[in-house]
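*Asks:* Got a structure here, written out as structure tokens. Questions coming.
No value in this document is a laboratory result; all are computed from the given coordinates. All values reported here derive from a predicted model rather than from experimental measurement. Please note: Cβ atoms are built from the backbone with ideal geometry, for glycine as well, and neighbour counts cover all protein chains shown.
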Amino acid sequence: MNRIERDGLAFYQFESFIGVHHGIFTRLGGVSEAPFGTLNMGGNVGDQARAVRTNHERMYAALGVPETNACTVWQVHSVDVVIANTPVQGRRWIAAADAMITDRANTPLSMRFADCTPILLHDPVKGVIGIAHAGWRGTVNGMAAKTIRAMVQAYGCKVSDIRAGIGPSIGPTRYQVGEEVLDAARAYFDDLEGLYRRDPADGTAYFDLWAANRRDLQRAGVEQIEIAGICTAENTNEFFSHRAEKGKTGRFGAVISL
């Protein structure tokens with residue numbers, strides 16, 4: 001990924017996403033106070049609403065995309081995908097879901113993260129984009145693959161044309177999980193080789209969200225996959241991390257727009 005600084009904000013872009021506005025923003029350059037410092041996009045974490053509103057304005061301005069057309073969802077750790085055509089009047093979100101797709105120009109898709117995996121998608125042939133939020137539940141229930149299938153069904157995309165970017169999230173050395181997570185992953189992926197490791201000292205499991213989502217995308221037929229490889233828990237100087245900061249933190253934003 002490329003790190004970009006603009007208007008006092010810092011964000012990352014996938015090198016393979018040519019010709020599409022997008023950015024996975026850090027926590028830098030906003031107006032929120034600790035523990036939400038400073039570019040917090042989460043409106044339900046305890047931060048002041050005015051600060052969150054200002055942070056959103058700065059994020060969209062830094063990308064040069066129209067905030068008035070921006071679409072987002074109420075993220076509920078589901079695997080539901082919605083088509084985003086326009087914001088809903090009088091409401092901040094268009095639906096309760098964890099992925100959006102669109103072929104509309106100047107319609108930014110925006111979501112919020114703090115350890116879960118941002119997945120950005122772009123079909124440059126059909127002119128279609130998508131964004132998904134995948135924690136462990138979404139990952140082991142096929143959030144990535146379901147978003148790909150939605151792009152194919154709704155817009156006639158060819159999977160071989162779709163480019164995928166797996167953004168910063170909690171990494172495989174820091175994401176300690178219970179056995180129920182491995183059981184769910186095994187039920188979905190069958191083979192867990194390369195998707196987890198055990199601590200040699202106490203036998204606890206660490207799940208690899210990056211590898212799991214890459215495998216899900218590959219099984220769906222996606223060939224062009226770029227992985228940021230940035231662990232949010234190890235980089236709280238730049239990213240919010242729910243796990244590392246014990247739940248008292250903000251949410252960083254991710255935006256993609258045609």
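*Asks:* Dividing the convex hull volume of the alpha carbon atoms of region 36-137 by its residue count, what do you get in Å³ per residue?
*Replies:* Working: hull volume 11.1 nm³, N = 102.
In region 36-137, the Cα hull volume divided by residue count equals 109 Å³.
*Asks:* A follow-up question, please. Please give the length that would be gained between residue 96 and residue 137 if that part of the chain were fully extended, namely 0.36 nm times their separation in residues minus their C-alpha to C-alpha distance (nm, one decimal).
*Replies:* Numbers: separation 41, 0.36 × 41 = 14.76 nm, distance 1.56 nm.
Net length gain for the segment: 13.2 nm.
*Asks:* I would also like to ask the following. Return the FRET efficiency for the residue pair residue 197, residue 67: r is the Cβ-Cβ distance, R0 is 30 Å, and the value is rounded to the nearest 0.05.
*Replies:* Working: r = 42 Å, r/R0 = 1.39.
Approximately 0.10, to the nearest 0.05.
*Asks:* Compute the FRET efficiency between residue 243 and residue 48 as 1/(1 + (r/R0)^6), taking r as their Cβ-Cβ distance and R0 = 30 Å, and round to the nearest 0.05.
*Replies:* Computed FRET efficiency for residue 243 and residue 48: 0.80.
*Asks:* Please compute the Kirkwood hydrodynamic radius of region 148-249 from all pairs of different C-alpha atoms, in Å with one decimal.
*Replies:* Numbers: mean 1/r = 0.0657 Å⁻¹.
Radius from the Kirkwood sum: 15.2 Å.
*Asks:* What lysines sit close enough to residue 126 to cross-link, taking a C-alpha to C-alpha distance under 30 Å and skipping anything fewer than 8 places away on the same chain?
*Replies:* Of all the lysines, those that pass the test against residue 126 - Cα under 30 Å, at least 8 places apart if same chain - are 146, 158.
*Asks:* Go from 0 up to the bin containing the longest alpha carbon distance in the chain, width 10 Å each, and give me the % of pairs per bin.
*Replies:* In whole percents, the pair-distance histogram is 8, 33, 38, 18, 3, 0.
*Asks:* Convert each backbone phi in region 81-92 into a coupling constant with the Karplus relation 6.51 cos²θ - 1.76 cosθ + 1.60 (shift: θ = phi - 60°), then list the ³J(HN,Hα) values in order as whole Hz, x for Gly and Pro.
*Replies:* 10, 10, 7, 9, 9, 6, x, 8, 4, x, 9, 6
*Asks:* Full-extension gain between residue 161 and residue 149, please, as 0.36 nm times their residue separation minus the C-alpha to C-alpha distance. If you can, show how the numbers build up before the last one.
*Replies:* Numbers: separation 12, 0.36 × 12 = 4.32 nm, distance 1.29 nm.
Fully extending the segment from residue 161 to residue 149 adds 3.0 nm.
*Asks:* Whole-Hz ³J(HN,Hα) for each residue in region 236-250, computed from phi via Karplus 6.51 cos²θ - 1.76 cosθ + 1.60 with θ = phi - 60°, x for glycine and proline: what do you get?
*Replies:* Coupling constants for region 236-250: 6, 5, 10, 10, 6, 9, 4, 6, 5, 9, 6, x, 9, 7, x Hz.
*Asks:* Calculated from DSSP H runs of 4 or more alone, at -39500 (n - 2.57) each and per residue, what is the 222 nm mean residue ellipticity of the chain, nearest 500? Let's see the in-between values first.
*Replies:* Values: 5 runs with 54 residues, N = 258.
The helix contribution divided over the chain gives -6500 deg cm²/dmol.
*Asks:* Of all beta bridges DSSP finds with both residues in the chain, what is the antiparallel percent, to the nearest 5?
*Replies:* Details: 36 of 46 bridges.
Just about 80 percent of them are antiparallel.
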